[in-house]
Amino acid sequence: MDRAERCRWSDLPPEILSMIGKRLHTRMDALRFRSVCSSFRSSIPPPRRDAPRFPLRIPCSWSDHSVFLHDSTVCILETPEKASGSGVPSPPRSRWLVKLQEWSLGDVQLLSLFSQRRITYLPRNFPKVIDSLEFRIVEICREFRIEYGTSVIVPGIRKVVVSPDCVWTGLDELEVYSVENEGRLGYWKYGDENWTYLDDQNGCSYDDIIVYEGKVCVVDQSGMVSLIDSSFRTLQKFSPPIHIGGIGHSNCKYLVVSGGDLYVVDREIDVYMDEFLVPHFKETFSFRVYRLDRRCGKWVDVGSLGDMAFFLGKHCSYAISVHELGGCNANCIYFMENTASPYSRDKVNVFSLEDGSTEPLDFPPLLLLLST
């Protein structure tokens, strides 16, 4: 086809552009799509700030104070390549793994990758201003938290997810799920006066929760993974392959989505009992990783993550490709150790599935330079 006969992107029919735009799930992608040209901008409406609105006030049975649902975004931030007209080589592009929280419209704060600590000191080569039109921003995942009005995490809540998590989701469609520290599973839909809790006759205690292929998944302490709906009806169960820790060990399980597959990460922690028989957690002893084989509905013991690296955070867990992004070790799990004090510095270690070794990060785990 002659170049003159080729159709420009801006000349695509409005219905095609609209179909493409409606398949964008993140607010940033929708804004960047609309900034391409007038044809793109007119094909989809601007993403509403209140769809869903964050911070979102929700009822709370744990406190007399008002609590809110907040979100932040873990993403890859790629700096633009600046041209140099003086003959001096221009600085190369840099890729950073960061966690961003929109404090107010247009005002973004940086948070630690592994906790909610605000970053007040930035590396010298980190950009001072982030322009979404110049920077390439790739969303890895979103994390949600229930907080008091001053960014204080509500105690007793281990994990929160929102479904459906899409920029086009209206408030009347918003569903919030939570796992409390004692393992109770809760559900709240926008407009409900109170939370609903799963009345589990078997006394299951849940470790983690995630949204996988549009379905809410939970894993209990035995390793049983269940797909559930908003009525707490179990859609499907996947029997656990995961061993229970031996004497002096405790297990904690995480759900991670990587390459379209669902994984369970089994974290084994050393525990000792004090004179009052109260358990105290020490260092992480080991990890085991399992992948769900959807064809047979069974779990496969994974000896290697390939070129992937898993990140286990307090409020979300995710995977990134070292081959595509670089900057971290493949076939490794990045995680934060339990600390005795909430005011102590984040202690982040790296566990290698290849040799079973654990090494501390040699830099503050606030943000990660992936490549330059």
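The values are calculated or read from the model by the stated rules, or taken from the named source; none is laboratory data. Given the structure is predicted, the values throughout are model-derived calculations rather than measurements. A quick note on method: Cβ atoms are made from the backbone with ideal geometry, for glycine too, and the neighbour counts reach across all protein chains shown.
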Residues (surrounded by fewer than 20 Cβ atoms within 10 Å (Cβ to Cβ) and under 16 Å from S352 (Cα atoms)) located in the range 309-321: A319, S321
Residue in the range 182-200 that is modelled with pLDDT under 85, among the aliphatic types (A, V, I, L, M) and farther than 15 Å from C60 by Cβ present: yes
Inter-residue pairs, beta-carbon under 8 Å, first of a type in the set (S, T, Y) and in the range 45-69, second at pLDDT below 70 and surrounded by fewer than 15 Cβ atoms within 10 Å (Cβ to Cβ), 6+ apart: S66/G149
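A quick yes/no check of all residues on (1) closer than 30 Å to I157 by Cα; (2) in a strand (DSSP E or B); (3) modelled with pLDDT under 85; (4) not assigned by TED's automatic domain parsing to the domain that holds Y197:
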| position | (1), (2), (3), (4) |
| --- | --- |
| L31 | no, no, yes, yes |
| H65 | yes, no, yes, no |
| F68 | yes, yes, no, no |
| T73 | yes, yes, no, no |
| S90 | no, no, yes, no |
| E102 | yes, yes, yes, no |
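Can you pull out the residues in the range 293-320 that are part of a strand (DSSP E or B) and among the hydrophobic types (A, V, I, L, M, F, W, C)? Explain how you work it out, then say what you get.
Going residue by residue through the range 293-320, those that are part of a strand (DSSP E or B) are 293, 298-302, 308-312, 317-320.
The answer is W299, V300, V302, M308, A309, F310, F311, L312, A319, I320.
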So which residues in the range 292-306 are loosely packed, with under 15 Cβ neighbours inside 10 Å and over 21 Å from S226 (Cβ atoms), if there are any at all? G303, S304, G306
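Can you say whether T372 is among the hydroxyl-bearing types (S, T, Y), in contact with a Lys or Arg (Cβ under 8 Å, 6 or more places away or on another chain), modelled with pLDDT under 90 and in the same structural domain as R267 (by TED's automatic domain parsing), as far as the supplied structure shows?
Numbers: among the hydroxyl-bearing types (S, T, Y): yes; in contact with a Lys or Arg (Cβ under 8 Å, 6 or more places away or on another chain): yes; modelled with pLDDT under 90: yes; in the same structural domain as R267 (by TED's automatic domain parsing): no.
Taking the combined requirement at face value, the residue does not satisfy it.
Against the condition under 26 Å from L31 (Cα atoms) and among the aliphatic types (A, V, I, L, M), how does V152 come out, does it pass? Spell out how you get there, then give the answer.
Working: under 26 Å from L31 (Cα atoms): no; among the aliphatic types (A, V, I, L, M): yes.
No.
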Please determine whether any residue of the range 160-177 is at pLDDT 80 or above, of a type outside the set (K, R) and on the phi > 0 side of the Ramachandran plot. no
Consider C166 carefully, then state whether it is in contact (Cβ under 8 Å) with a residue 60 or more places away in the chain and buried (at least 18 other Cβ atoms within 10 Å of the Cβ). yes
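Is there a residue in the range 127-144 that is of a type outside the set (D, E) and more than 22 Å from T26 (Cβ to Cβ)?
Taking the range 127-144 and keeping what is of a type outside the set (D, E), we get 127-130, 132-133, 135-138, 140-142, 144.
Filter once more, so that each one left must be more than 22 Å from T26 (Cβ to Cβ): 128.
Checked against the condition, which is being of a type outside the set (D, E) and more than 22 Å from T26 (Cβ to Cβ), the range 127-144 yields at least one hit.
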